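See structure below.
The values are calculated or read from the model by the stated rules, or taken from the named source; none is laboratory data. These numbers were taken from a predicted model, which means no experiment stands behind them. Here the Cβ positions follow ideal geometry from the backbone for every residue, glycine too, while neighbour counts run over all protein chains shown. We work out accessible area using only protein heavy atoms, side chains counted, and drop any ligands, DNA or RNA first. Shrake-Rupley method; radii C 1.70, N 1.55, O 1.52, S 1.80 Å.
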Amino acid sequence: FKEVQNALNSGAIKMLLVCDKLIQEKRRDESFEDMDKIMKGVEDMKGEIHIIGSEHEGGKKLYGLGGIAAILRYKLNY
């Protein structure tokens with residue numbers, strides 16, 4: 001999650017991948033505000049947002065990696 005936030009702050013996110021299960025958990029825990037900021041930030045930078053269903057194999061793998069990932073416009077050096 002922190003790496004995605006750092007990439008957003010650098011303006012490097014081309015495509016955001018979010019697992020629907022993570023969104024549901026964030027809403028249930030009332031911590032959806034951070035997720036919403038990331039999604040709006042990507043949208044403002046003309047990036048794409050893809051919500052992946054957790055019942056699919058790709059969604060299960062994404063959830064196993066933290067539930068959120070980003071494809072970047074350029075390489076970031078941490």
Keeping to the range 50-72, report how many residues are in contact with an Asp or Glu (Cβ under 6 Å, 6 or more places away or on another chain) and closer than 25 Å to S10 by Cα. 1
Quick count over the range 12-58, residues being touching a Lys or Arg at 6+ places or on another chain (Cβ under 8 Å), open to solvent by less than 60 Å² (accessible area, probe 1.4 Å), free of Cβ contacts under 8 Å to residues at least 40 places away in the same chain and under 23 Å from L76 (Cα atoms), is 2
Please enumerate the residues belonging to the range 64-77 that are open to solvent by 60 Å² or more (accessible area, probe 1.4 Å), closer than 19 Å to V42 by Cβ and not β-branched (V, I, T). L65, L72, R73, Y74, K75
With I68, I23 as the choices, which residue is modelled with pLDDT under 95 and of a type in the set (V, I, T)? I23
